[in-house]
Amino acid sequence: MNAVVSEKSRLSSRPMGMDSPAELQSNGQPIDYLGICKRYGAAVALKPTNLHIEAGEFFSIIGPSGSGKTTLLGLTAGFVAASEGHIKIGGVSIEGVPPFKRNIGMVFQNYSLFPHKTVGQNIAFPLQMRGVPKREIAARVESALRLVRLDNVADRHPNALSGGQQQRVALARASVYNPSLLVMDEPLSALDKNLREEMQYEIKQLHSKLGCTVLYVTHDQGEAASMAERIAIMNLGEIVQIGSARELYRNPQNRFVASFLGQANLIPVAGLEQASTGVIAITEFGDRIASARNFVGSGACWICVRPEAMRITPTRPEMDNIVKGVVVDSTFMNGVQRHRISIQGRLVVEQFEQIISASYTPEIGSEVYLGWRAADTLVISDI
Ligand SMILES: Nc1ncnc2c1ncn2[C@@H]1O[C@H](COP(=O)(O)OP(=O)(O)O)[C@@H](O)[C@H]1O
Ligand SMILES: [Mg+2]
């Protein structure tokens, strides 16, 4: 329902950046983090980190609260001083360069607009600070306002605008001086769901029109997946894995990544045997589960199967992996049936599938078979 509504409003409104203003185009620069690290006393907010972000890339950082996302962003923007290591933007070290000289545009969750200035004056401010001539300021502010579709509210004050409009002003203000890098820290968290989806699309458009590199922090995996080319997942002050949304979902390296992105059925592994086509994992229940992938980690490991990869049947299916269970819960929403299945009363796994007219839907309490392919079976590390 929401998706349809937002799709409609997208079609009915002029997409941001239609004008593709040449004067706002920027030269996206690559960023290199070289052993960058931040400690507060004995506490480590960011462990030594190496990372390369491509010029013009839309790069997102996700992770739970306290994982170090804002610290990494603050080190980039210059609000946080590194304990060790350094950062290069466009191949040049920014060590000791103050924030306003880093040519970085910034957008935060609380729009941080000047309440006593009009929308136009807010957007003009960074240009004034940089000594841009008055006539050029007027032209640039106009382009920036058109870019975010706010040309009709230039004389209003921020408190006369909606949250979405205020965030558009913040976006215009952050991009009006052609920053080579735009950093955003949870910029849409204060907006409601529909508006958030709309703004995700608009920020993506803005990025493709302007060409700057974008570093986008969010705790919302859906947001990262819909916007970023690559995503870094952080936990406890370090980047755990980097990849596209698809790569991270399909090939999580450990239990944290697997359960942070979407849903994952995790079954503890008691033993592993090498097979010609991958590995055989023996579960605590004695089931032998085939995986077509090799296990590269060491130590404790888990079988990971995504709920949509499982099939549920009343009779024994012809599939690589089969376990028996009892349906303990079943819910239907928007064409998707979700089952919770208990295996030997000790483990509950989730399965879901799109329901079409002839689909089998078991009653709660019925004995069923769960089947899935070896190709959809991962064996992953604990950490
Ligand atoms: N100024 C500070 N002083 C002490 N600890 C801090 C400070 N800023 C952040 N931290 C700590 O560093 C860790 C990472 O914080 P942060 O980067 O803000 O995480 P995130 O943005 O992922 O929620 C947290 O444990 C936080 O408490
Ligand atoms: Mg944060």
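Since every read-out is calculated from the coordinates, none of them should be taken as a lab result. Note that the coordinates shown come from a computational prediction; the quantities given were computed from them, not determined experimentally. A quick note on method: Cβ atoms are made from the backbone with ideal geometry, for glycine too, and the neighbour counts reach across all protein chains shown.
Obtain the nm distance between the two label points defined at L236 and A300 by a simple spin-label model: each point lies 7 Å from its Cα along the Cα-to-C-beta direction.
Spacing of the two 7 Å Cα→Cβ label points: 1.1 nm.
Do any GluC sites (Glu not before Pro) in segment 91-161 lie in a DSSP loop with no more than 12 other beta carbon atoms within 10 Å, and if so, which?
For GluC sites (Glu not before Pro) across segment 91-161 that sit outside H, G, I, E and B with at most 12 neighbouring Cβ atoms in 10 Å, the list reads E95.
With only Lys, Arg, Asp and Glu charged, each at its Cβ (+1 for the first two, -1 for the last two), find how big the charge dipole of segment 2-250 is about the Cα centre; round to the nearest 20 debye.
For this selection, approximately 400 debye.
Jot down the radius of gyration and Dmax of segment 260-381, Cα atoms only, both in angstrom.
For segment 260-381, the Cα-based Rg and Dmax read 14.4, 45 Å.
Remind me, relative contact order of segment 2-250 in percent, using alpha carbon pairs under 8 angstrom and six or more residues apart?
32
By per-residue mean of other Cβ atoms within 10 Å, what is the highest-first order of 184-193, 54-63? Mind dumping the intermediate values first?
Numbers: 184-193: 18.5, 54-63: 21.8.
Those peptides, ordered most packed to least, come out 54-63, 184-193.
Regarding segment 58-142, what whole-number volume in Å³ per residue does the convex hull of its Cα atoms give? Could you put the intermediate results ahead of the total?
On the way: hull volume 12.7 nm³, N = 85.
Hull volume over Cα atoms, normalised by residue count, gives 150 Å³.
Once you've got the Cα coordinates, tell me which of K134/K204; K38/K88; K69/K204; K88/K134 are over 24 Å apart.
Details: K134/K204 30 Å; K38/K88 16 Å; K69/K204 20 Å; K88/K134 32 Å.
Table pairs above 24 Å Cα-Cα are K134/K204; K88/K134.
Roughly how many Å is it from the Cα centre of segment 247-293 to that of segment 37-96, as a whole number?
Between the Cα centres of segment 247-293 and segment 37-96 lies a distance of 32 Å.
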